[in-house]
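Heads up, the thing below is written out as structure tokens.
No value in this document is a laboratory result; all are computed from the given coordinates. Values in this document were obtained by computation on a predicted structure and should not be read as measured data.
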Amino acid sequence: MWLLARRILRDLRHAGFAAEEVRAVRRTPPMWAQLVDFYQRGGRVERVEATFSAATGQPGLIRFFCPPAPTACAHANFGALAHELGHALQYPPQWRPPGDFADAQAYARSRELGEAHAWLNQARLCRAKVGGTPEMAQVQQIENDEDFGTRQVDLFAHIAEREAAGWSDARILDELAVLNANMFPSGMGEGNLKTYGQCNRWDWLQATQADGSPFRRFIAQLPRAPHADDQKLLMKFNLFTQPDSNADTTLASLASALGGVCTRGDLPALHALACQAMPYARPGVAWACRPHQSHGADDAAVAQGGTMPRPWA
């Protein structure tokens, strides 16, 4: 065990961890137990030289991407390690390929539950952290489920509130998965405004839809290759991922309308375009992930001037 501990601490220092963060990892019992478990399963922490700072985790491998000195690796810290351990050790379905899933919602749900486990793991380990820099908050920009507006959510405070209210882990994870679907991944590149959920659903379509499918027919109708705004709009309104969303006449009019959009990044204009071209489409992952037969009551509420209920307060 002494040799293993020595190797773990050496790997963390090589990955860019400051001395006080290394000590915090070693002195926090639940963090150290997870990290030892990860290594005993054959895992390792690895440094990758890069022009940016980032961290990734999967079964057997956690990587910290470190920019050249004197720039510090911003992700080489206790909280990022806790998050990536959640990916590496929990919820294996998140690693199954798109073709293993019957539809886009099931694939996206597996990815989003993987992130939910990582966030919950990070929140609880950071709460238990002994020494080092305190990590008491994790604020993320969240897109509204019903439109393209955004708001800030402190995930750590959110989790603590749910725990104090007596929520089960399963219920907390379910809510975190919906929040994750509406989060924005880092490193997407300028002008790419898709959320995790929109990326996941687009990835499933790209990987699984055959020539002649409604998805491929729509792509062929566009006067250009679909860019990030097109992808965002289609996934936001659950086109190709819900029953009754593939009517050829609706898709043809939408393809024509999108082809005439010249300005990129104008999300309010895109939302208005979608509402006009697809009056019966419903935005949001919370609605899309419900059993299809339950949508009727929600549709009736919207038709009477109401709004789609949010899954969180």
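Worth a mention:
- From the coordinates shown, Rg and Dmax of the Cα atoms in Å corresponds to which of [x] 17.8, 51; [y] 31.7, 106; [z] 21.5, 68: [z]
- Once backbone amide H atoms are built at 1.01 Å from N, Glu46 has Ile62, Arg63, Phe64 as its partners under 5 Å, excluding neighbours fewer than 5 places away on the same chain.
- Once backbone amide H atoms are built at 1.01 Å from N, Asn182 has Gly197 as its partners under 5 Å, excluding neighbours fewer than 5 places away on the same chain.
- For the chain, the membrane-span-like helix rule (DSSP H, alpha carbon extent of at least 24 Å along the helix axis, mean Kyte-Doolittle at least -1.0) picks out 104-128; this says nothing about an actual membrane.
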